[in-house]
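Notes follow the structure.
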């Protein structure tokens, strides 16, 4: 992972900052997510029944796809001196296309805003598009807020 100075990171404003690796969305991953969230709708966990649905098979929960952003963001450049980052929320999320079991997804991140909260804290806004391998339409598009906290020396 690349580490940028605060000034270098600021210079990336309005630009793509990176693309994650591909993540396979297996049926096992979908089933585990269903267990954690208690969302056992058949379109996610019953391949035989889901085959007769408009999707032609099981699909990932939209929130599973969204939750993968947490893994993907670790592959984006970090900022020198940051000691902690936290998810601050989302301004907007749109689930554009379903992610079929067995599909691969990856995230494209664009830094759209940086706000100084205090001398040791900034808020970032990133537009994230999650691509489905081999498909024209993305799985989702989100505007994601994060807080970054700098150590005493920042």
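Here are the numbers for the structure shown:
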| quantity | calculated |
| --- | --- |
| Residue among 139, 51, 34 with the largest mean-square fluctuation in a Gaussian network model of the chain, springs linking Cα atoms under 10 Å | 51 |
| Theoretical ellipticity at 222 nm over the chain - DSSP helices of four or more residues, -39500 (n - 2.57) apiece, nearest 500 | -5000 deg cm²/dmol |
| Antiparallel %, DSSP beta bridges [both residues in the chain], to 5 | 95 |
| Residues 22, 144 arranged by fewest to most Cβ contacts within 10 Å | 22, 144 |
| Principal axes of the chain: Cα extent on each, largest first, Å | 57, 31, 25 |
| Segment residue 13-residue 49, extension gain: residue separation times 0.36 nm, minus the distance between their alpha carbons | 8.3 nm |
| The range 1-28 versus the range 60-128: alpha-carbon centroid distance in Å | 9 |
| Tilt relative to the chain, helix 27-37 - C-alpha long axis, 0 to 90 degrees, to 10 | 70 |
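Readers should treat all values here as calculations from the given coordinates under stated rules, not as data from a laboratory. Predicted model only: the values in this text are computed from it and were never measured. Positions of Cβ are backbone-derived with ideal geometry, glycine not excepted, and every protein chain shown enters the neighbour counts.
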